[in-house]
Amino acid sequence: MTDWSALMARPPLWLRVALPCLFFVLVLVAWQVIVRTADISPLILPAPSAVLDDLRQHAGTLALSTWNTLLITLKAFVLGTVAGILLAIAFSRSRLLELAVSPLLVLTQVTPTVAIAPLVLVWVGIDNVDSAILLLAAIIAFFPVTSNTMLGLRSVSHDLHDLFTVRRATSLQRLFLLELPAALPYTLAGARMAGGMALVGAVVAEFVAGSGTDAGLAWRISEAANRLNTPRMFAALFLLGLLGVAISGALSLLQYLCLRRWHESAVSRDR
Amino acid sequence: MAETHGFRIEARGIGKRFSGQAAPTLSALDLTIGGGEFVSLLGPSGCGKSTLLRLLAGLLRPSEGTIRWVAPDGSSASGTRLPDIALVPQEPTLLPWKTVFDNVSLPLRLRGTARAAAAPRVLDLLRALGLEGREKSWPRELSGGMKMRVSIARALVTEPDFLLMDEPFAALDELTRHRLNDDLRALYTQRRPTVILVTHSVEEATFLSTRIVALSRGRVAWDLPVDFGPERAGLRDHAAFQALRGDIAARLRADQAALS
């Protein structure tokens, strides 16, 4: 019994992976059994086996769409994160700028993407739908990076600031050797959120904007919905979920690798 | 090495009032500290010791009066001839994302010294402070006493003209404190920076200093030389040391009594 509670208190990595996978398989089995025994129409709820068939038959198209969605999500993530950090630095340098601009930034966050998408389409998307999608996804993604990085930049201890002042550090030295490293745990936490939101943004934007030259998963889903191809919808949804998990996992790994040496959140402690 | 650092501090008519405060923290304070002195600032809590230290460090501007750094030739320090000041705050405040080596070399890096060029000096100091082999450790792996040693090494790495210390040993246990006092005393006699130490410990002040300045009500209450000479190993057990320590404690009690 104590072995079990110790295992649960500090679950090893294999267990953290194995448990959710096992649970997912159980859900799939239950789903399959229910659909078969209750004889539910595949238009309403296709059995997992039907979804798997569709995945296999259209692997090429779906893989390409997954790749396109991943690409645009990554671009939006990088764009949003870089813009978010630069904006946070600008705000931390100028209180005036922060007071004037940051309330307007909140406006971009409380307005649903779906609502501003048509406008962005008119501005940049007429000839180039892909850049409209990219821009929309980046608009959603930058905000957590900005707000977290700002919090991090502000939370640097006064003693450390004093140290840099007494040593006559230049403001660039202060930024790169003190403030940005101190804000890194915050920035990374923001980036994790931004990763998920970039994906949401890419999907929502593609729904609204339609597809550009390269169709993504959102396009596959709406296309399948128009044709009442429910198994295809599930297949695309499954890939979308997989993409989300992969992005979130990669960013968690990045966070761990950056912080494991020194930050409390990543350092494991012997008990 | 003795008497190489010749800068002198001249504080004249220093007043400091923080906004929202009825009484000024410091008022009409005069203090001259010569190059190579080890001055301890004593006094009850709230007497303005730390404020004075922060003024001398340039972290605060005085509301009244002037602080002048006078070079050995008698000219006021300005421009590129500013004295090199190092600060040891109460908490060790190391950069947690840098190793011991990188923390200690930071002040040199800020001046543009290359990492490799800084190495001999950093390793030399780590050895002098009993941190040999610790250069690759992370701050979180160190005890409180070791962190303070790193903080002191970081302050000394540029061979500063002025070493300003704000109750650096207050949070340490007595044994560690004594050992660090011994080490600081040894480093002082070797390198002769001007040291200004804020402390609450009469024993520490008496053991380390060449001069004790007590503050009360925002000015200098009294100013006492400590003439025990440079060699102070075993001094804590001497009758003369105990007597001076008792005398200083009695003066501080009298200051405190005068306040209430």
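Computed from the coordinates by the stated procedures, all read-outs in this text should not be read as laboratory data. This is a predicted model, so every value here is computed, not measured. So basically every Cβ, Gly included, is an ideal-geometry build from the backbone, and we count neighbours across all protein chains shown.
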May I ask for the percentage of alpha-carbon pairs in region B:15-89 that lie more than 18 Å from each other?
46 percent
Just name one of A:Leu188, A:Pro42, A:Ile140: the one whose Cα is farthest towards the positive end of the charge dipole of chain A (beta-carbon charges, Lys/Arg +1, Asp/Glu -1).
A:Leu188
So, with +1 on the Cβ of K and R and -1 on the Cβ of D and E, and no other charges, what is the size of the charge dipole of the protein assembly as shown about its Cα centre, to the nearest 20 debye?
280 debye
What is the magnitude of the charge dipole of region A:1-58 about its Cα centre, with +1 placed on the Cβ of each Lys and Arg, -1 on the Cβ of each Asp and Glu, and no other charges, expressed in debye to the nearest 20?
200 debye
May I ask for the net charge around A:Thr81, where only other residues with Cβ less than 13 Å from the Cβ of A:Thr81 are counted and Lys, Arg are +1 while Asp, Glu are -1?
+2
Under 17 Å from the 7 Å Cα→Cβ point of A:Ser252, by amide nitrogen: which residues of region A:166-210?
A:188-197
Please report, ordered by residue number, every helix of chain A (full DSSP H runs) that is 20 Å or longer along its axis going by C-alpha atoms and whose mean Kyte-Doolittle hydropathy reaches -0.5.
A:13-38, A:59-93, A:95-110, A:129-154, A:180-209, A:230-259
Taking just the C-alpha trace of the protein assembly as shown, give me its Rg and Dmax in Å.
32.4, 101
Base-10 log of normalised Debye intensity for region B:94-158 (one unit scatterer per alpha-carbon) at q = 0.17 Å⁻¹
-0.47
Tilt of helix B:174-191 relative to the longest C-alpha principal axis of chain B, in degrees (0 to 90, nearest 10)?
80 degrees
Among all the aspartates and glutamates, which ones have a C-alpha under 16 Å from B:Lys136's C-alpha, if same-chain residues fewer than 8 places away are not counted?
B:Asp102, B:Asp124
Could you tell me what percent of the DSSP beta bridges with both partners in the protein assembly as shown are antiparallel, to the nearest 5?
50 percent
Cα-based helix-to-principal-axis angle, B:100-110 vs chain B, degrees rounded to 10:
70 degrees
Region A:142-233: which trypsin sites (Lys or Arg not before Pro) are DSSP loop and have at most 14 other beta-carbon atoms within 10 angstrom?
A:Arg168, A:Arg227
May I have the pair-distance distribution P(r) for region A:102-145, computed from all Cα-Cα distances with 5 Å bins from 0 and rounded to whole percent?
5, 23, 32, 22, 13, 4, 0
Work through the residues other than A:Leu136 whose Cβ is under 14 Å from its Cβ and net out their charges, Lys, Arg +1 and Asp, Glu -1.
-1
With +1 on the Cβ of every Lys and Arg and -1 on the Cβ of every Asp and Glu, and nothing else charged, how large is the dipole of region A:60-259 about its Cα centre, in debye rounded to the nearest 20?
300 debye
So how far, in whole Å, is the C-alpha centre of region A:13-54 from the one of region B:17-60?
73 Å
Would you work out which of B:Phe228, A:Ala215, B:Pro160 lies farthest towards the positive end of the dipole of the protein assembly as shown? Charges go on Cβ: Lys and Arg +1, Asp and Glu -1.
B:Phe228
Calculate for the protein assembly as shown the 222 nm mean residue ellipticity that helices alone would give, adding -39,500 (n - 2.57) per DSSP H run of length 4 or more and normalising by residue count, nearest 500 deg cm²/dmol.
-19000 deg cm²/dmol
Please compute P(r) over all alpha-carbon pairs of chain B, binned at 5 Å starting from zero, and give each bin as a whole-number percent.
1, 6, 13, 17, 18, 17, 14, 9, 5, 1, 0, 0
Proximal lysines relative to B:Lys49, as straight alpha-carbon distance under 26 Å, when same-chain residues fewer than 8 apart are discounted:
B:Lys16, B:Lys147
P(r) of region A:60-259 in 5 Å steps, Cα pairs, percent per bin?
1, 8, 14, 17, 16, 14, 10, 8, 5, 3, 2, 1, 0, 0
What longest region of chain B stays clear of GluC sites (Glu not before Pro) that DSSP places outside H, G, I, E and B and that have at most 13 other Cβ atoms within 10 Å?
B:4-131
